1. Is there any pair linking a residue in the stretch B:360-387 that is closer than 29 Å to B:Phe267 by Cα to one that is β-branched (Val, Ile, Thr) and assigned to a helix (DSSP H, G or I), with Cβ under 7 Å and at least six apart or on different chains, and which?
2. In the stretch B:394-432, which residues are of a type outside the set (A, V, I, L, M, F, W, C) and closer than 20 Å to B:Leu368 by Cα?
3. How many residues does the stretch C:121-143 hold that are of a type outside the set (Ser, Thr, Tyr), in a helix (DSSP H, G or I) and in contact with a helix residue (DSSP H, G or I) (Cβ under 8 Å, 6 or more places away or on another chain)?
4. With respect to the numbered conditions (1) surrounded by 16 or more Cβ atoms within 10 Å (Cβ to Cβ); (2) within 9 Å of another protein chain (Cβ to nearest Cβ); (3) part of a helix (DSSP H, G or I), which one is the sole condition not fulfilled by A:Ile71?
5. Quick check on the stretch B:382-391: of everything there that is facing chain A (nearest Cβ under 7 Å) and open to solvent by 10 Å² or more (accessible area, probe 1.4 Å), which residue is nearest to A:Val178 (Cα to Cα)?
6. It is to be established whether one or more residues within the stretch B:534-547 are touching a Lys or Arg at 6+ places or on another chain (Cβ under 9 Å), part of a helix (DSSP H, G or I), within 14 Å of chain A (Cβ to nearest Cβ) and not small (Gly, Ala, Ser).
7. Looking at B:Arg590, B:Arg521, can you tell me which residue is over 25 Å from the mean Cα position of the chain (by Cα), charged (D, E, K, R) and either crowded, with 17+ Cβ neighbours inside 10 Å or assigned to a loop (DSSP other than H, G, I, E, B) (or both)?
Amino acid sequence: MRLQGHAGRIAALTVVGTAIVLPLVIFVLGPNMPPGHRTTGASSQVNDNTVLLVVMTPFTVFILAYLAYAIFAFRAAAGEELRDGPPIRGHMPSQIAWLVVTSAAVLFLAIFGTAELFASNGAGGGEGPKPIAKPSGPVLPVQVIGQQWEFTFRYPTYGGVETAELVLPVNRQIEFHVTSLDVIHSFWAYELGVKADANPGVDNVAYVKATKTGDFQIRCAELCGLWHGYMFDTGHVVDAAQFDTWIAGERKQFTPVEKYLPRYSVTYSPDPQVRAG
Amino acid sequence: MNFRRLLGYNLLTAFVLGIVGFYVGWWLGHQFSGPSIAYFADTGQNDIALFLAYLVGLIGFLSGLGFASYPIQRLLGKPPSLREKETAGTGRYFTLCTDHKVVGMQYLIGIGAFIFVGGLNAMLIRFELLSPTKQTFNANNYLTIVGLHGTMMMGMMTSGILGPFANYFLPIMIGARRMAFPRIEALTFWLLMVAGVILMTTVGYGGFPTGWTGYAPLNDQANMGMDSYIVFFALVGLSMSLLGLNMIATVVTMRAPGMAWGRLPIFVWSVIATSVLMLLAAPVLISTLLMVALDRTAQTGFFNAQAGGSPYLYQNLFWIFGHPEVYILALPGMGILLEILPVFARKPLWGYRLAVTGMLGISLLSWLVWQHHLFVSGINADLRPFYMLSTELISLPTGFIFICALGTLWQGRIRFTVPMLFALAWLFNFLIGGLSGVFLSDVPSDVTTHGSFFSMAHFHYTIMGGLLFSFFAAIYFWVPKMTGYAINERFGKIHFWTMFIAFNSTFGPLLVIGFLGMPRRAVTYAGYLHGGNTWVSISAFFLGGSMLVFVGNFVWSQVFARVPVGANPWASKSIEWQLPSPVPVHNFDRIPTFGADPYPYGDGDGAGDSTAPRVVTAPARPRP
Amino acid sequence: MTELADHSTDYGVVAAEPPEVMARNLRIGAHLWASASAFFFAAFLFAYFYLRALDSTAVWRPKHVDPSLTLGTLAAVSLVAAAVLLRFAVADHRADRLNAWRFKGAIVLALLLAGVVLQIVEWSTQSFGPTDGPYASVYLGWTGLLSLFVVGLLYWVETTLATSFRYRNTRRGAPVPAGHASGDGDRSDPDIENPLSLIRSELEAVSFYATFLSGIGIVTWFVLYVL
């Protein structure tokens, strides 16, 4: 095909640009997209990010190529600044083509996102008290309780033991139950690819399965008042044996104070609110 | 000095009555007592008193400006009138004036001043974030600064383009001499100014810790400074709603003969699309804030989970308003873009109907997407696919705007004037803003990006990169018409390039930093983000510096240098450029008749270098 | 300076706009403000059904939270009656029965005032306060907002009535005497050609809005008292 005229050159720029950028996106940028590959949820997010980038690339390259081309090719020649351009008021075929192409991309993204959401058990996002995207098979429930300004954690299958740090076993499906005692917080375990808002009186469930051991950061991602900026912590993903040892130790420490704590429940109703800060 | 002139309806009277009213309200609020509000005595936190103080102060201020006079005269049966103080002279800019061009100028300077305050807050935020742990301001001050920045910008910029430019140019563009409701037009401006001052007084009451979203139940827990936020946003909402009403009514009823709907300049269409959202979304905000105020004063339980309410209710209501709100910010920018491109490409707008469809489509779709702000909140998780789809559908009408802009450039004869540079930068910035938005609309991707600096950088790309760039485009394009004096082109270009580069150097890295795990509104951050944040802060200071270039250039050009421009410095064919600069008080000697398309470029004899508007004809004789 | 306008042209060219322009503005303005009003109450409707469906702590509406149906119905009826009467008043004005319209207008004022007073009586005699659960919250917020709107309507009707009353002896179509137009003290000439002819448009606009608001009143009554 012989490329000629402005349209041909812009098309060529777009094709060449896409051909250069797309492999970079698929093989270099995509696999290294945040939040990494340490959990199933995080991996599916990386997949999503990669697919989004791939779909966006041709559009972006086209628009930028067009703009760059227009800036050089369509600049007014000296002395002709006030000459009018051709009175083109539209071009139905290209309008329809644009509509069809963008609609196809949008529908693809929406369908793909939905499929990915269900396939990845919610991709680590909070799904409310009755999750519809959930894993089959056994889960380890872990409760995350946000309060101004720290997170505490309870393990209902281990006698409702309450701990100040979050330790998770590797390769087990975790079921986070996120709730709050006061204002809205958001439990964000960055490397795990988990984010779920902690609402008072609401049990917000999120699923994740860690595939690698190591530390991860926990941050509050919803403005929760004065010390919001200090509401962070480090969690640990450990192997099964280490986890068993750790939880046994926590239970031993926990037993004497057990009677002072409320029984495990999906939500808690604290004392009437007092004004703080 | 004639001291007699200080008496009567003017800004001085307004300030005096405003302050008196404030303390009257404050005193009045302290007369209430009752078992459920007994805690006031213990904490000194009297929300009722502060609400009443703001309210009575507002009434006092507006009465001092002369707003009370007309309603009282109507109450006494005087017949309606339209105009007040539509005279010449500088004094009209400082009081109630119903000339739409004066209101436009008032908006430009007034909003500009508050945006400057908001921008200074941004500088303070970036100053704080130079270090991951060391605190320059304490935690409470930092949150107040963040909240002030966000609230000021989101509140003021809603009218950032409609206020100055639609008020000034919309009547001219449709061939009218005034807006439909001139007194309401003036009221919207002064409400906004009072609101801005009220928001700043929050500093005296301990600030507010909620950011611009004001989430419950934090807003219930917060100190009295929260009341400033509530009153501010309620007044902004009222101002927006009335502004929208006025704009729509003007376009529907005040069009000149021949100005059919299909001949409206595209900027007018963007104003319509925006105004519909303003008119209908702002009332939801006002009602929501009324509920918050009741929660804080009468101890109702709308948003209090322990009392049977729900914080989710606030999130829902806020975003039912809040998402239309962000398109209220974006749509006028699109109008400016498509209005400026034809002039400097010297071509008709490409795909006029498609652009109109795009704007109205955005306006409609923006009502259906609000829960994408709540993807990880646990609300209606089973509706997430729907909101994902509806959110991504918005990229279709947004795509229309892009294709129309690109089509307009096609085979054009582009002149790289300052407004054109800003318009082209809009395309680049909004492209990045739109693309980053796709990540946020996709639920799995949103899990990480939600509530992070990524989403913050995303909406700065659309609002600052979109709205503020088009705001400056409009300033460079239209202010010479409004004042009659040119803005220095060389410094304009310096401003553009420093702003464009610094802007991208600030918010581009912020997209990355957010993706790497930095939450919004946090005063501390992880050590590995230090380098990136330092880079961003320094870029942000350059961005702030570029604003100083603008302010210096603007003041120098408009106050000191004062190089007159002719009626039509850009050789535009739109009607506003066929009038003298500045536009006379009465706009048109005779109401014009419109004959055709608003962008008659290249329709001529082939030589095509005419700047004369062939489509506008004045009727043969004045109306009897 | 240009063919369309000139700085030296006298400002007088804009004086005395034909009243039809303002009449159209009033009509469209009433419709637009009605749509905005709907969204004010939509927020409360949303809150009502959201909290009712949620009923998170089973305190949606304790037994003693029971506003008086009689008073509520009376308040709603007075609002609806005012709107209906205003329609008849418009018909009277169209048929040039000006005294009849003024009489009906006065009754409309009384009815609207009665509605607000009934609401205040209701608030002060009811058996619950704002802290008694979500229903009580919605009830108070909603009725309070509606009362504000009714007061606004009251004001609007009053201005129309007062203008009509003040110029009851002026011949139809006669210009308003100098200095009688409200607004700018510096300007004695009316800026609308014969602003008195606007009374009918204003009446039609306020009647439309009153009908609309009475619709909201019926919804309020149904949701808060019946449902």
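The values are calculated or read from the model by the stated rules, or taken from the named source; none is laboratory data. Not measured: the values here are computed from a predicted model. Positions of Cβ are backbone-derived with ideal geometry, glycine not excepted, and every protein chain shown enters the neighbour counts. Note: areas computed on protein heavy atoms with side chains; ligands, DNA, RNA excluded. Shrake-Rupley method; radii C 1.70, N 1.55, O 1.52, S 1.80 Å.
1. B:Ile362/B:Thr398; B:Ser363/B:Val276; B:Val369/B:Thr391; B:Trp370/B:Ile320; B:His372/B:Thr391
2. B:Ser395, B:Pro397, B:Thr398, B:Gly399
3. 9
4. Unmet condition: (1).
5. Looking at the filtered set, the residue picked out is B:Asp382.
6. no
7. B:Arg590
A quick yes/no check of all residues on (1) more than 8 Å from every other protein chain (Cβ to nearest Cβ); (2) outside any helix (DSSP H, G or I); (3) acidic (Asp, Glu):
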| position | (1), (2), (3) |
| --- | --- |
| B:Gln45 | no, yes, no |
| B:Phe51 | yes, no, no |
| B:Leu55 | yes, no, no |
| B:Phe61 | yes, no, no |
| B:Gly77 | no, yes, no |
| B:Pro80 | no, yes, no |
| B:Arg83 | no, yes, no |
| B:Ala88 | yes, yes, no |
| B:Ile115 | yes, no, no |
